[in-house]
Amino acid sequence: MARFHSLQVTEIRQDTRDAVVVTLTPQEQDRGIFDFTQGQYLTFRRSFDGEELRRSYSICSGRHEGTLRVGIKRVEGGCFSTWANEELRVGDTMEAMPPMGAFFTPIEPEAAKNYLAFAGGSGVTPILSIIKTTLASEPRSHFTLVYANRQIGSIMFREELDDLKNIYLGRLAILHVLESESQDIDLFAGRVDAEKCTALFKHWIDIEAADMAFICGPEPMMLAVAAALRGHGMRDEQIKFELFASSQPGRARRKAESVAAAERGIACEATVTLDGATRVFSMPKQGQSLLEAALENRMDAPYACKAGVCSTCRAKVLEGEAEMEVNHALEDYEVRQGYVLTCQSYPLSDRIVVSYDQ
Amino acid sequence: MSETMSIEEYLRQGGVLTSPDNAPPRYRGEVLRLMASFVDSELAGAAGFADIINDAPGIKERIATARIVLEKTDHAGRVLDVMGTFGADVERYAVHHAWNARLARDADIGAARQGGDMRLSVFHYPLQGWVDAVVLNVLMGMATVIQLRELTHVSYQPLAEIFREILPREAHHTALGVEALERIVGDEGSRRAALESVGYWRPRVAASFGLAGSARYEMLKRLGLRHRPNEALLSEWQTTLDGQLAALNLN
């Protein structure tokens, strides 16, 4: 299981009115763990009013830069992103899991490739990391970025992208498409949709010469761009997606209610048999599954997906009653026989007898 | 065009998901089930072939069988790693079941899953020696190529990429099987044994394509986890298999 590690905030830069770029420094022993690949993201956790929230933000630095930076755009009503934009200070620590994600292709220093990227809003964050790493490490490759934003003021990394164009003269082209500001050329106004892509492919982008395309932005843009790329002959394996993570309100975990349950006196006495050995323990009726209760009582209960899917945690209810929240694995006849997925089962009766051995 | 849409609508229109965080609960469940089925089938298949290494009639065949065992186990490992990103306990999962366990040769289980694992029902039947194993490898191998090609289009990108890497190697396993079968049918006695095995395995492999008119198919299609119905895949297999068996004088 991936673990969380502490990172120190060593710099915060206001990038746009509602986005910050946060530089993070791992502890000495964790440096290797945070040796990321371009395009990956970090998952952070923080407790807000006693409830743990987890949010993922893409890394915007290039591999060669030797720093770990993430871009965090404030989302309307977003607890974590608002906190990061308003309250986070240099010297604070953040907790993050090691870098994850597969939004990249391997760097080949000898390659001379033409890359395309389509970014919508803060979807540019992982793409910036990919662009910087690729231009630095594949000296013969070229990049074209189509970058959609509402207005000039909301363009993240605008200066940094301009600087990159100057550093890698002739190897990086950037086409800004602005939704609500008039442009000299109509093509660069409005949304990046199927029509816009077709027009871009006609005059500005040589789609036939493209080796690889990266897309990161809101869902409708991803669909439109992917369809246009396929329509112009690109194969699935040439298109890399990263679903615009910040548009996804993360789901809060189910709250543990064991304390409240105990106070209300609605606990259950569970008798669980595993590998021939039986244990009796008390567990709450809500907030903790039969599997979690067994594990907590140091029973080596089998499980795998904990999603009600793989049926590894199957057990038979011999006495009492349990409610299964999700069942994607057991057939009706098994359920009728009393089998439950313990990772999804919560006792309803005051006493329950369960066996993993049958 | 609005700026955002629900994940369900995005998937219905062919959208691609890229991390467990994106996956709604139902999607998560189905993609895990799909992966568990693949992993368990590969592990059970590899476990069955492991015993067959000692039945192989020559060094070339021993190597081919050992390679199949190695690579199918590796394929299971790659997909299991994706399950791990959803929270599955990968280490425990890999050993939680007796992958070499088999039912009786004459058990009749149709397409039903058995016991605590998600392997395709065909992998519950025991192999009977070299010729029988080669026949299953060819029949199921051809089915696997068709089923895997379908899975290279799944809407979960990290998984689709793995299936695209795996597909040519699985196709090679089938080719190794066809080579071995070509040698087997050179001898009339072995040819007749092979013919008998074809009769035994054909309906059991056919069952691995699932039921026609499956209600689950529509749901999986909406999630972008399936694109062609069971009967279309089955029919493709029947046609390809008929051609292959005719070429081997096994029709």
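Readers should treat all values here as calculations from the given coordinates under stated rules, not as data from a laboratory. This structure is a prediction, so every number in the text was calculated from the model and none was measured. Counting neighbours? That spans all protein chains shown, and the Cβs are built from the backbone with ideal geometry, glycine included.
Miscellaneous remarks
- Whole-angstrom gap from region B:1-72 to region B:167-189, using each part's C-alpha centre: 23
- Shape category assigned to region A:114-242 from the gyration tensor of Cα positions, a/c cut at 1.5: rounded
- In order through region A:54-70: 3J(HN,Hα) via Karplus (6.51 cos²θ - 1.76 cosθ + 1.60), integer Hz, x for Gly, Pro: 10, 9, 10, 10, 6, 7, 10, 7, x, 4, 6, 7, x, 10, 10, 10, 10
- Shown in residue order for region B:238-251 are the 3J(HN,Hα) couplings computed by the Karplus curve 6.51 cos²θ - 1.76 cosθ + 1.60 at θ = phi - 60°: 4, 5, 4, 5, 4, x, 5, 5, 4, 5, 9, 6, 10, 9 Hz (x for Gly and Pro).
- Among B:W237, B:W130, the order by Cβ neighbours within 10 angstrom, fewest to most, reads B:W130, B:W237.
- Note on region A:60-138 and region B:81-152: Cα centroid distance 40 Å, given to the nearest whole angstrom.
- Arranged from fewest to most other beta-carbon atoms within 10 Å of their beta carbon, B:S41, A:S58 become B:S41, A:S58.
- Calculated mean residue ellipticity at 222 nm for chain B: -22000 deg cm²/dmol, from DSSP H runs with n ≥ 4 weighted as -39500 (n - 2.57), summed, divided by the residue count and rounded to 500.
- Shielding by other protein chains, B:7-19, mean Cβ within 10 Å: 5
- Over region B:183-251, relative contact order from alpha-carbon pairs under 8 Å, at least 6 apart, %: 35
- FRET efficiency for the B:E218 to A:F4 pair, using the beta carbon distance and R₀ = 25 Å, is estimated at 0.05.
- Computed packing ranks the peptides A:317-323, A:346-352, A:221-227 as A:221-227, A:346-352, A:317-323, most packed first, by mean other Cβ atoms within 10 Å.
- Exercise: per-residue mean of other protein chain Cβ atoms within 10 Å, B:156-163: 2
- Helical contribution to [θ] at 222 nm, DSSP H n ≥ 4, -39,500 (n - 2.57), averaged over chain A, rounded to 500: -6000 deg cm²/dmol
- Where both bridge residues fall in chain A, DSSP classifies roughly 60% of the beta bridges as antiparallel.
- Here's how it looks for A:H142: its modeled amide H is under 5 Å from those of A:K113, A:N114, A:Y115, which are all 5 or more places away or on a different chain.
- Shape call, region A:93-135: gyration tensor on alpha carbons, a/c limit 1.5: oblate
- Legend: ranking of residues A:K316, B:K72 from fewest to most surrounding C-beta atoms inside 10 Å; resulting order A:K316, B:K72.
- Relative contact order of chain A, pairs being alpha-carbon contacts under 8 Å that are 6 or more residues apart, as %: 13
- Taken about its Cα centre, the protein assembly as shown carries a charge dipole of roughly 220 debye when the Cβ of each Lys and Arg holds +1 and the Cβ of each Asp and Glu holds -1.
- Ranked by how many other beta carbons lie within 10 Å on average, peptides A:116-129, A:136-149, B:95-108 from highest: A:116-129, A:136-149, B:95-108
- Among B:A94, A:M100, B:N249 the positive-end extreme of the charge dipole of the protein assembly as shown (Cβ point charges): B:N249
- Look at the dipole of region A:5-96 built from charges on Cβ: of A:G77, A:G39, A:S56, the Cα furthest out on the positive end belongs to A:G39.
- Whole-Hz ³J(HN,Hα) from phi, Karplus 6.51 cos²θ - 1.76 cosθ + 1.60, for region B:228-236, glycine and proline x: 10, x, 3, 5, 5, 5, 4, 5, 4
- Taking every C-alpha pair closer than 8 Å and separated by at least 6 residues, the mean separation divided by the residue count of region B:1-130 gives a relative contact order of 30 percent.
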